[in-house]
1. Considering only protein heavy atoms and a probe of 1.4 Å, how much of the accessible area of region 52-170 is carbon and sulfur, as a whole percent?
2. Where a ≥ b ≥ c are the square roots of the eigenvalues of the C-alpha gyration tensor, would you call region 1-63 rounded, which needs a/c under 1.5, or, failing that, prolate if a/b is larger than b/c, or oblate?
3. Helix 8-17 versus the longest principal axis of the chain: what angle, 0 to 90°, nearest 10, using Cα atoms?
4. At 222 nm, what value in deg cm²/dmol follows for the chain if DSSP H runs of at least 4 each add -39500 (n - 2.57) and the sum is divided by all its residues, to the nearest 500?
5. Using the Cα centre of the chain as the reference point, and only Cβ charges (+1 on K/R, -1 on D/E), how large is the resulting charge dipole? Debye, rounded to the nearest 20.
6. Starting at the first residue of region 161-169, write each ³J(HN,Hα) from the Karplus equation 6.51 cos²θ - 1.76 cosθ + 1.60 with θ = phi - 60°, in whole Hz, x for Gly and Pro.
7. May I ask you to evaluate 6.51 cos²θ - 1.76 cosθ + 1.60, the Karplus curve with θ = phi - 60°, for each residue of region 101-112 and list the ³J(HN,Hα) values in order in whole Hz, giving x for glycine and proline?
8. Tally Lys/Arg at +1 and Asp/Glu at -1 over every other residue whose Cβ is under 15 Å from the Cβ of Ser19; what's the total?
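The values are calculated or read from the model by the stated rules, or taken from the named source; none is laboratory data. Just so you know, these numbers come straight off a predicted model, no measurement behind them. Glycine gets a Cβ as well: all are built from the backbone with ideal geometry, and neighbour counts include every protein chain shown. Note: areas computed on protein heavy atoms with side chains; ligands, DNA, RNA excluded. Shrake-Rupley method; radii C 1.70, N 1.55, O 1.52, S 1.80 Å.
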Amino acid sequence: MINKRMGLLSVLWSGIKLSFLQAAWNFERLQNIGFLFSVMNVLKSVYKDDREALLRAINRHLSFFNTNIFFASAVLGVIARLEEEVDDKNPEQKNREIENTKIGIMGPLAAIGDSLFYFGIKPLAMLAGGGIVILAGYTVEGLIWAAAVSIALFNLPKIFIKYYLLIKAY
């Protein structure tokens, strides 16, 4: 077991890969494949000398996973830290600790993220876009500005929150 922390670039690369969280969504375990894809480079760096431990970690992250896609970075950061720091002498205890932590934080983060983004930021962005359309007098330029402002108001907080939570959680 390696007790040194991974580099920031490795963690940020996992965050970029987290953009594909729902690319392999399934009805049984929801976002588990996407989360495993995101955390895979972390697992490879932590278990680079122990193939059996790597396979246990892969199997551990194939379990059920579902949270808000923008707040999943907080889960990724916490799990990356736990994979590094929890002692690997007792694999069952490590498996239980990481799985319980993941289960314990993904539900509340889903509730907070869904409320913040889909009942707060998204309506605000659409309201701003609609206001620009009305103020611009329904012109083509007004529609272009409205679309640009709406997209920016929704996506800029999303990107900031995603990477802020990833770095803080790690």
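1. Of all accessible area on region 52-170, carbon and sulfur atoms account for 70 percent.
2. Because a/c hits 1.5 or more and a/b fails to exceed b/c, region 1-63 counts as oblate.
3. For helix 8-17, the angle is close to 60 degrees.
4. When only DSSP H runs of four or more count, the value is -23500 deg cm²/dmol.
5. Taking the Cα centre of the chain as origin, the dipole is about 160 debye.
6. 5, 4, 7, 5, 5, 4, 5, 5, 6
7. Karplus values, whole Hz, x for Gly and Pro: 5, 4, 5, x, 9, 6, x, x, 5, 5, 5, 5.
8. Here the count lands on +3.
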